[in-house]
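In what follows, a single structure is set out as structure tokens and then discussed.
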Amino acid sequence: MEKVTISLIKADIGSLAGHGRGSEDVLNVAKDLLEKAKAEQKIIDFFVYYVGDDLQLLMTHRKFIEDPEIHKLAFDIFLKCSEIAKELKLYGAGQDILSTAFSGNLKGLGPGFAEMCIEERKSEPIIAFSADKTEPGAWNYYLFKIFADPFNTPGLVIDPKLHSGFIFEIHDVYEHKKARFSMPEEMYDALVYLGAPARFVVKSVFKKDNMEIAAVSSVERLSLIAGRYVGKDDPVLLVRAQERFPSVGEILEPFANPIFVAGGMRGSHYVPLMPVSLKDAHPTRFDAPARVVALAFNLKNGYLSKPVDLFDDPAFDRAREIANEMMDIIRKHGPFEPHRLPLDEMEYTTLPLVEEKLRNRWEKL
Ligand code: F6R
Ligand code: MG
Ligand code: MG
């Protein structure tokens, strides 16, 4: 069986009137370019969409992950779209393109990517998650609940195909290191790191018995690459569902209880993460609540079915209500922590520029 790779690659290359909504004109350009790549058989299939201000290119192809040709294709599309965004005078046009010096893959250039190379099962349901106004570590909590918490995922207990557990690969994005933890035996060890999502980010989850890929996320943090504030890193995540993996319902369940994530307003505030349908993925109030969209697809020989917009379900109405309530509560803190991020994280915002001016005000006690 020929393998297929799913690549979800995203970038904020400009948006309409602020940071909440992409432009149809730019989307159509990306669509045409992907249509062309499909006609030329560079890719098998694609789906292109916006989540907030982030342009999402979901592609399937026969190359491996981090393939130079596929990454270049995505990068050229983002460059072309940035050009159009600049012509249209969109806000933040070209924002996530930190460098145009392409040399083999997208690492360090700005766009985020999550990719997995798989052998398609008899039926291959896969969920593409995209978030706006938060950072890659935001997935840690959810991945833990999905793949390691039996209170969330009954399959871990009652399905023999899931019972052996999963392996988490965690990246230290400050020190560029990685480590693997086996769940459930090393759950407490893993939580030492998972609980600090600004620095430790789950890159991949594997099935323990055969090391089959189950989930993969984007881990790049723009400000750590650029050394300056460039917005948050609005992450993406691919998760395989059903048959040997958690079910769609188990994968979505943790999103019914919103938690606080880093990333609202100026990338500097904790705000709730609100599960929404594609049509509601446009943060306006306080550039928040952070949004998460989940689109499910069935693969057929690499071709994508129509997307199923999973949070377009009244069963998530209460989660949205709770997220709005959480927003009201945290907003009361105004410029105070724990709404504002702790100082060490504020280093990656525009605050140090202000502090610079105040430095001489301080005298020794
Ligand atoms: C962007 C974001 C926004 C902006 C804010 C200020 O991802 O989180 O909250 O940081 O709208 O934007 P600028 O600095 O572009 O005026
Ligand atoms: Mg933006
Ligand atoms: Mg964004």
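For Gly249, the criteria (1) of a type in the set (Gly, Ala, Ser); (2) within 13 Å of ligand 2 (Cβ to nearest atom); (3) modelled with pLDDT of 95 or more hold in every case but one, which is (2). Kindly evaluate Leu8 against the criterion of being more than 30 Å from Arg266 (Cα to Cα), open to solvent by less than 10 Å² (accessible area, probe 1.4 Å) and outside any loop (DSSP other than H, G, I, E, B). For Leu8, the condition - more than 30 Å from Arg266 (Cα to Cα), open to solvent by less than 10 Å² (accessible area, probe 1.4 Å) and outside any loop (DSSP other than H, G, I, E, B) - is not met. Residue count for the range 310-336 under the criterion of being open to solvent by 70 Å² or more (accessible area, probe 1.4 Å), in contact (Cβ under 8 Å) with a residue 24 or more places away in the chain and either basic (Lys, Arg) or touching a Gly at 6+ places or on another chain (Cβ under 7 Å) (or both): the result is 2. Within the range 237-271, being within 15 Å of ligand 1 (Cβ to nearest atom) and in contact with a Pro (Cβ under 9 Å, 6 or more places away or on another chain) holds for Val261, Ala262, Gly264, Tyr270, Val271. Ile77 fulfils the conditions (1) assigned to a loop (DSSP other than H, G, I, E, B); (2) away from ligand 3 (no atom under 16 Å from the Cβ) except for a single criterion, (1).
Looking across the range 277-309, the residues that are assigned to a loop (DSSP other than H, G, I, E, B), under 29 Å from Glu2 (Cβ atoms) and open to solvent by 30 Å² or more (accessible area, probe 1.4 Å) come down to Asn301, Ser305, Lys306, Pro307. When the range 11-32 is filtered for residues that are surrounded by fewer than 20 Cβ atoms within 10 Å (Cβ to Cβ) and more than 16 Å from ligand 1 (Cβ to nearest atom), the ones remaining, listed by number, are Glu24, Asp25, Leu27, Asn28, Val29, Lys31, Asp32. Out of Ala93, Ala114, Ala101, one residue alone is in contact with a strand residue (DSSP E or B) (Cβ under 8 Å, 6 or more places away or on another chain) and at negative phi. It is Ala114.
Residues satisfying the criterion are absent from the range 174-182 (criterion: aliphatic (A, V, I, L, M) and either closer than 24 Å to Leu58 by Cβ or crowded, with 18+ Cβ neighbours inside 10 Å (or both)).
The lone criterion from (1) outside any loop (DSSP other than H, G, I, E, B); (2) open to solvent by less than 30 Å² (accessible area, probe 1.4 Å); (3) aromatic (Phe, Trp, Tyr) left unmet by Phe245 is number (1).
The values are calculated or read from the model by the stated rules, or taken from the named source; none is laboratory data. All of these numbers come straight from a predicted model, not from anything done at the bench. Positions of Cβ are generated from backbone atoms using ideal geometry, with glycine treated the same way; all protein chains shown enter the neighbour counts. Just the protein is used for accessible areas: all its heavy atoms, side chains included, with ligands, DNA and RNA removed. Shrake-Rupley method; radii C 1.70, N 1.55, O 1.52, S 1.80 Å.
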